[in-house]
Structures are given as C-alpha cells and as structure tokens.
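Structure, as structure tokens:
Just so it is clear, none of the values below were taken in a lab; they were calculated from the coordinates. In this text, all values refer to a predicted model and were calculated from it rather than measured experimentally. So basically every Cβ, Gly included, is an ideal-geometry build from the backbone, and we count neighbours across all protein chains shown.
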Amino acid sequence: MPFYVFFAFFAADFLMLNFLRKSKKRVCVIGLDGMPHSLLSRFIDSGVMPTMAELTKAGAMQKMRVSLPEISAVSWTTFMTGANPGQHGIFGFLDLKPGTKEIRFPSFRDVKVPTFWDRLGEKGKRCLVLDQPSTYPARPIPGALISGFVALDLRKAVDPPSLFVDLKRINYELDIDTQRARVDSAYLMQALDATLEQRRAALDLLWDREDWDFVEVVVTGTDRLQHYLWKAIEDTNHPYHSAVLDYYRKVDGFIAEVIERFQKKAGGEEAALQGLMLLSDHGFTGIKKEFNLSRWLMEESYQVFLGEGKPTLATLAPQTKAFALDPNRIYFNRTSRFPDGRVEDSEVPALIAEVSERLLSLQCDGELVVSRVERCADIYSGPQTPHGPDLVVVTRYGYDAKGALGKPAVFTDTDLQGMHTWDDAFVWSAEPLGEYVNIVDLAGHIEARLTE
C-alpha cells in the first residue's frame with residue numbers, strides 16, 4: 001500500500017476517534033463544600049465571583065435542601081448514591097454499633113447501596129473523582145478516586161493505588177490542619193491557597209490520563225473558611241476581610257479553569273454547559289451561640305448519668321429516656337433497641353410530642369432556638385431507617401446544635417464562627433431541576449445525562 005494511502009486511512013481513523021471522543025456525552029461536577037446559596041448570590045452581585053455570575057446568566061442557579069443531619073458525611077453520601085440515609089445507612093460522622101450505645105466511625109465501606117459511579121461503570125462509563133468527602137478509605141470505582149475528608153492516610157485515600165506515588169510527588173494534602181486553623185488565621189489562609197493549588201495540580205495530572213465520561217472535583221476550603229472566619233466575610237473592617245474575598249476570587253478562577261478544560265473535552269461551549277453541574281452539600285450562616293443538646297436533655301431530666309466523673313454513653317443511668325449524638329440527633333432509650341433500654345415502643349409517640357413541644361418553645365435571649373423537630377419516619381425511608389435517630393433537631397440560624405457530653409450549660413460560646421444550614425445549599429445546572437430541589441435528586445439527573 002502506498003504511504004500516502006496508508007497515511008490517509010490513519011488520518012481518517014484518528015479524526016474519527018477524536019470526533020467520537022469529543023462528541024460523546026460527558027458530565028463535569030464542581031463541588032464547593034458548604035457554600036450557601038445566599039452568600040454565593042451576594043458574591044455574584046458584588047462582582048467577587050464573575051465566573052459564577054456568567055454561569056447564572058447561562059443556566060439555573062437554585063437553592064437546594066440537603067439531608068438531615070446537615071453535615072458533609074450524610075449529604076455527600078446522599079449525593080453520590082442518590083439515596084436517603086434510610087437506604088445508604090450513614091447518619092453522621094459517628095454512629096452507634098447496632099444494638100448498643102458504643103460509638104463507631106462509619107467509613108466508605110459502610111455505605112449500604114452503590115454509588116452512581118458504580119452504576120455508571122455497569123454501563124461502561126468511566127469516572128474521575130477528586131477530593132470527594134466521605135469516601136475514605138478509597139475503594140475501586142470505574143476509573144479513579146481520591147478521597148476527601150475525613151481521610152487520614154494518603155496511601156489509603158486513592159484508587160488505583162498507583163496514584164499514591166503521583167500525588168506524593170506533587171505534595172498533595174488531603175485537608176488542612178483544622179485544629180490549627182481554628183486559632184491561626186494566617187495559617188488558615190496560607191493552607192487554603194496551598195490546597196487549592198494542589199487540586200489544580202491533581203487535575204493537571206489526571207485530566208487526560210484516561211478517556212473519562214464523568215469528572216468531579218470538590219473544593220473543601222470554602223467550608224473551612226466559613227467555619228473559622230465567617231466574621232471576616234461579614235465585617236468589612238475585619239483584618240482578614242480582603243484576604244477572604246481574595247480566596248473566593250481564587251475559587252471562582254479555579255471554576256473558570258475547570259470549565260475551560262471541560263469545554264475542550266466535551267466538544268464546545270454548549271455541550272459543556274449541558275454537562276456541567278455545581279453544588280454545595282449544605283449551607284452556612286454565622287453563629288450566635290452553641291446549643292448543647294445533650295445538656296438540654298440533662299436539664300430536662302431525659303438524660304441521667306451515673307457517678308460524678310466525666311459523662312459518657314457508657315455511664316448513662318437506667319432511668320435515661322433519651323440521649324444525643326452529634327450534632328443534632330436524639331435517640332430514645334428503647335427497650336426494643338438497647339439491652340438496658342427503659343422506653344417502651346408504645347411510649348414513643350407521647351415522648352416525641354413532649355420533647356418536640358419543649359424544644360420548639362426553647363428560647364435564648366428572648367429568641368426561639370429550634371425551627372423544626374423531624375421524626376425519623378418522616379425524613380428517612382428504607383431498610384436502614386431503624387438504625388437512625390428518633391428525632392433530628394433543626395435549629396434556627398445562629399444556634400449551632402451540638403451533641404457533645406459534659407458541656408457546662410445549654411448555651412455556650414464557641415471558637416467556631418460559622419455553622420451549617422440544611423435549606424441554603426445551592427445547585428447550578430443548565431436547566432432548572434424542579435421547583436423544590438433536594439441533594440438526593442442530583443445523582444438521577446447525572447445518570448440520565450450520561451446514559452439516555
């Protein structure tokens with residue numbers, strides 16, 4: 001065969017392969033952990049985040065509700081499975097060993113249903129997922145995964161394992177030192193910049209390594225900043241106000257870079273917009289007071305401890321009717337659930353009504369503290385529901401519910417400045433996702449985009 005004929009066939013095959021790669025449907029998800037719809041809207045209006053402003057003109061920016069409790073361990077698991085906690089089985093960063101009051105720390109291995117990445121893999125799709133919270137230790141997905149917080153060891157946070165060497169070479173950090181960040185704002189700002197650069201470097205490393213169909217990258221620095229420097233967002237005279245706004249500008253620039261990359265991969269601006277989604281896993285607001293739910297249960301005589309030492313779940317007295325787990329979960333001491341329980345199932349409806357009424361009337365400095373008290377059966381459905389809390393307490397903005405034992409008062413000050421909210425997350429997509437959007441709905445939209 002003459003060389004020019006061979007070259008013509010080779011060129012045609014190359015062009016066809018390139019066309020197919022560009023023309024197939026792809027989805028890109030960018031997560032901004034904890035970014036509230038209300039704050040994002042302010043940054044759009046004030047010009048701090050111009051990329052997000054342009055996206056808002058081109059698509060639909062919607063307020064979104066999330067799973068309860070409104071924490072990352074639950075919300076991100078709901079997102080990546082398309083299932084509620086009663087199905088996926090994750091109710092918090094910590095939980096109870098079944099049938100006991102012993103604490104355990106659920107991991108990615110404890111998720112009871114497949115992720116949408118698994119389901120996409122069954123249909124021949126490949127996924128690239130970077131810095132996804134609540135996926136530690138990493139397990140195989142159809143593609144590549146880098147776990148986000150809570151992740152302790154980089155070697156156990158990646159799949160395939162060969163990624164470890166590559167990420168170690170670029171000094172990839174799984175998270176900032178959150179304990180130091182609580183008290184050292186200079187370190188916080190430096191660490192936020194460094195981790196954002198590391199996410200950019202990880203994308204450089206992996207973007208073209210395989211021909212993926214789905215890509216996701218999560219920025220967790222937004223959550224960290226809002227926990228530790230919320231006052232700097234609100235107060236224009238705060239010494240870190242300008243630095244904080246600069247960080248959001250950098251996040252906006254990072255979003256622009258990811259979108260530009262995605263446009264080239266997806267085959268143009270229109271295809272990229274149709275395949276793009278941005279979201280947060282919960283909202284945020286400032287803190288007035290910490291509301292210590294366990295202390296409230298003590299003062300209302302629902303929770304009683306033995307002895308004078310440090311209270312633990314192991315020292316709950318037999319007369320205990322209810323106890324709390326962080327951040328805002330209440331468990332009744334049922335005889336049907338715990339070996340040392342004292343509350344009969346027949347007593348539960350009256351106890352729910354009584355506890356709910358007291359919580360809804362609770363005040364701090366003349367303000368009501370609790371907006372809603374949700375029953376397990378009303379917010380969860382599925383075979384894992386019996387392992388969930390009996391009640392979830394949703395507080396009003398400014399009152400940060402915590403379940404820690406041993407607090408000296410129902411309301412205390414805290415060194416945290418920002419708290420999570422359940423009804424002020426955001427989602428952006430090319431088209432509206434319905435009148436009322438919940439994070440549990442998003443997996444279905446992503447799967448439909450890639451498989452229909």
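Note down the net charge around F79, summing +1 for each Lys or Arg and -1 for each Asp or Glu among other residues with Cβ under 12 Å from its Cβ.
Values: positive: none; negative: D33, E216, D281, D441.
Combined, the nearby Lys, Arg, Asp and Glu give -4.
Could you rank the peptides 127-140, 315-328, 105-118 by their average count of other C-beta atoms within 10 Å per residue, with the highest value first? Walk me through the numbers before you get to the answer.
Working: 127-140: 22.3, 315-328: 19.9, 105-118: 17.8.
Highest to lowest by the protection proxy: 127-140, 315-328, 105-118.
Hey, got the Cα dimensions of the stretch 90-215 along the principal axes, in Å, largest first?
Sorted largest first, the three principal extents are 47, 44, 20 Å.
Work from the charge dipole of the chain (Cβ charges, +1 for Lys and Arg, -1 for Asp and Glu, about the Cα centre) and give the residue of V113, L32, L362 farthest towards its positive end.
V113
Just order 340-347, 437-444 by mean Cβ neighbour count inside 10 Å, highest at the front, would you? Spell out each step's value before the answer.
On the way: 340-347: 13.8, 437-444: 19.2.
Packing proxy ranking, top to bottom: 437-444, 340-347.
Using only Cα atoms, tell me the angle between helix 3-23 and the longest principal axis of the chain; keep it within 0 to 90° and round to the nearest 10.
So the helix axis and the longest Cα principal axis differ by about 20 degrees.
Quick one: compute a quarter of the convex hull surface over the Cα atoms of the stretch 289-413 and quote it in nm².
On the way: hull surface 31.0 nm².
With every direction weighted equally, the projected area is 7.7 nm².
Below 18 Å Cα-Cα, how many Lys pairs turn up in the stretch 289-413? Only count pairs eight or more apart in sequence, or on different chains, if you could.
Numbers: K289/K402; K289/K407; K310/K402; K310/K407.
Lysine pairs meeting both conditions in the stretch 289-413 amount to 4.
Quick one, can you get me the convex hull of the C-alpha atoms of the stretch 35-125 expressed as volume per residue in Å³? Spell out each step's value before the answer.
Numbers: hull volume 12.4 nm³, N = 91.
Spread over its residues, the Cα hull of the stretch 35-125 gives 137 Å³ apiece.
Enter the per residue convex hull volume of the stretch 209-357, computed from alpha-carbon coordinates, in Å³ rounded to the nearest integer.
On the way: hull volume 37.6 nm³, N = 149.
About 252 Å³ per residue, rounded to a whole number.
Give the aspartates and glutamates whose C-alpha is closer than 15 Å to that of K63, dropping any in the same chain fewer than 8 places away, or say none.
D33, D281, D423, D424, E431, E435, D441
Would you mind putting 205-213, 87-95 in packing order, based on average other-beta-carbon counts within 10 Å, highest first? Each step should come with its number before you reach the end.
Working: 205-213: 16.3, 87-95: 21.8.
Top to bottom by mean Cβ count within 10 Å: 87-95, 205-213.
Antiparallel as a % of all DSSP beta bridges within the chain, to the nearest 5?
Working: 32 of 58 bridges.
Rounded to the nearest five, the antiparallel share is 55 percent.
Under 25 °C and 0.890 mPa s, how fast does the chain diffuse according to Stokes-Einstein, given a Kirkwood radius computed over C-alpha pairs? Answer in µm²/s, whole number.
Details: Rh = 23.4 Å.
Estimated diffusion coefficient is 105 µm²/s.
Taking only the C-alpha atoms, wrap a convex hull around the stretch 153-249 and report its volume per residue in Å³ as a whole number. Working shown, then result.
Details: hull volume 10.7 nm³, N = 97.
Given the Cα convex hull of the stretch 153-249, per-residue volume reads 110 Å³.
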